[in-house]
Amino acid sequence: MSNLVPEHRLNYRLVTVEGSDALSFLQAQLCNDVSALACWSSTEKPDEKPQAQLSGYCNAKGRLYAVFWIWRENPERFQLLMPASLAPSLVKRLSMFVLRAKVKIRQADSEIYGLTLPRALETPQIALHGMTLLPAEWPALQGPDASASRYWLIGPEASRPEVESPMGIPPAQVPSIQAAQAGQAGQAESSTAHPQCLEDQLDALISAGYHYELLSPSDWAEAEIRQGLPWFEVELIERFVPQTINLDLLDGVSFSKGCYPGQEIVARSHYLGKLNQRMFLFEGPAGLLPGEDVFLASAEALGEQPIGEVVSVTPVKASQKARYLVSLKLEPFRDQAAVVGVVASSGARVTLDLQDVPYAVPREPQVPNRPKL
């Protein structure tokens, strides 16, 4: 049996956008090309169309309200996965622009966990009657020699009432993983129409030979930050243009799609401007918080102008250290291998050492990428 406990739940939420106009609405609002997403129920090969993508939602000045994973469950329903603190404000903001579009936006009632599997699933995603397994390092960050794969485990709230089977009728059988991979999940018996609990679904994983390991929220956060994923919380909304937290390096921005809020600013940085800010991973003593300034390590005094700010933080297990994602100005940083910050509570000076992420981050300011005429 599975061992799901509330302490293992991740602090993320789903926002559901559905309706006959959901695609056109999201295409006009988000910075990535939503029309490129394949439906999970489609027969398209994973290498023909992405099954999910990173994306973001900007204000008119190109500053991000949120970064999230988005996937298309069916032609009229999209799911957006993001830090929990961002979900209410994003629902409110998106709802302001629905107008007469046939779209409903709501925060979904979901339980979200993180797990690892000793071998990758044979398909890039699986949906089993209310449970979703979404690759957490998909697609750009999966290493070819990875011995284990991380997945988001998403299912309905356990508090929903279960429908009991009539006397003498055996409980509905959970469809097998192999059947779902063959596209047969929709052929399950009608008695499985109510949401299955996550424990039963995880037992189905084990029966299919996938012996998983649940990760604690701290272990999950550490894995996410080591991947250089640009998660931030509600206190940092409207602070970052997508490129300054590497969203474009993770295929989270489309420069060929149509207009969306902030598109002119984002495109100008790519085609006409000189991009001079990127996000890097550092490790150092714990204490700094998201939003705090960092300075050159070589600075004589911290009265100088800061060169960046902390985007996200996670403790390093069994140590007094932490890992930090920091958005930095490239001109002063250049060949530096460290930066410093000041802990607000104690005034202590903290030195952060540069670490690697599994994708290339430019260290030099980038010249304009002007399109050919």
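Among the residues that make up region 29-40, is at least one of them open to solvent by 70 Å² or more (accessible area, probe 1.4 Å) and modelled with pLDDT under 95? Write out each step before concluding.
Step one: filter region 29-40 for residues open to solvent by 70 Å² or more (accessible area, probe 1.4 Å), giving none.
No, region 29-40 contains no residue that is open to solvent by 70 Å² or more (accessible area, probe 1.4 Å) and modelled with pLDDT under 95.
Residues checked against (1) assigned to a loop (DSSP other than H, G, I, E, B); (2) touching a Gly at 6+ places or on another chain (Cβ under 8 Å); (3) open to solvent by less than 10 Å² (accessible area, probe 1.4 Å):
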residue: LYS49; (1), (2), (3): yes, no, no
residue: GLY62; (1), (2), (3): yes, yes, yes
residue: ARG72; (1), (2), (3): no, no, no
residue: PHE78; (1), (2), (3): no, no, yes
residue: MET82; (1), (2), (3): no, no, yes
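Taking the stated definitions as given, is ASN246 surrounded by fewer than 18 Cβ atoms within 10 Å (Cβ to Cβ) and polar (S, T, N, Q)? Spell out how you get there, then give the answer.
Details: surrounded by fewer than 18 Cβ atoms within 10 Å (Cβ to Cβ): no; polar (S, T, N, Q): yes.
In short, no.
If I filter region 1-21 down to residues being in contact with a helix residue (DSSP H, G or I) (Cβ under 9 Å, 6 or more places away or on another chain) and open to solvent by less than 40 Å² (accessible area, probe 1.4 Å), which single residue comes out as modelled with the lowest pLDDT? Break it down stepwise before answering.
Initial filter on region 1-21 (in contact with a helix residue (DSSP H, G or I) (Cβ under 9 Å, 6 or more places away or on another chain)): 1-4, 7-15, 17, 19.
Next, from what is left, pick out any that are open to solvent by less than 40 Å² (accessible area, probe 1.4 Å): 2, 4, 10, 12, 14-15, 17, 19.
On the way: SER2: 58, LEU4: 79, LEU10: 96, TYR12: 96, LEU14: 95, VAL15: 97, VAL17: 97, GLY19: 97.
Among those that are in contact with a helix residue (DSSP H, G or I) (Cβ under 9 Å, 6 or more places away or on another chain) and open to solvent by less than 40 Å² (accessible area, probe 1.4 Å), it is SER2.
Looking at GLU304, GLU213, GLU264, GLU238, can you tell me which residue is at pLDDT 95 or above and surrounded by fewer than 19 Cβ atoms within 10 Å (Cβ to Cβ)? Walk me through it before giving the result.
On the way: GLU304 fails: at pLDDT 95 or above; GLU213 fails: at pLDDT 95 or above; GLU264 fails: at pLDDT 95 or above.
Sole residue among the options that is at pLDDT 95 or above and surrounded by fewer than 19 Cβ atoms within 10 Å (Cβ to Cβ): GLU238.
The values are calculated or read from the model by the stated rules, or taken from the named source; none is laboratory data. Because the structure is a prediction, the values reported are computed rather than measured. Glycine gets a Cβ as well: all are built from the backbone with ideal geometry, and neighbour counts include every protein chain shown. Quick note on the areas: whole protein, heavy atoms, side chains included, nothing else; ligands and nucleic acids left out. Shrake-Rupley method; radii C 1.70, N 1.55, O 1.52, S 1.80 Å.
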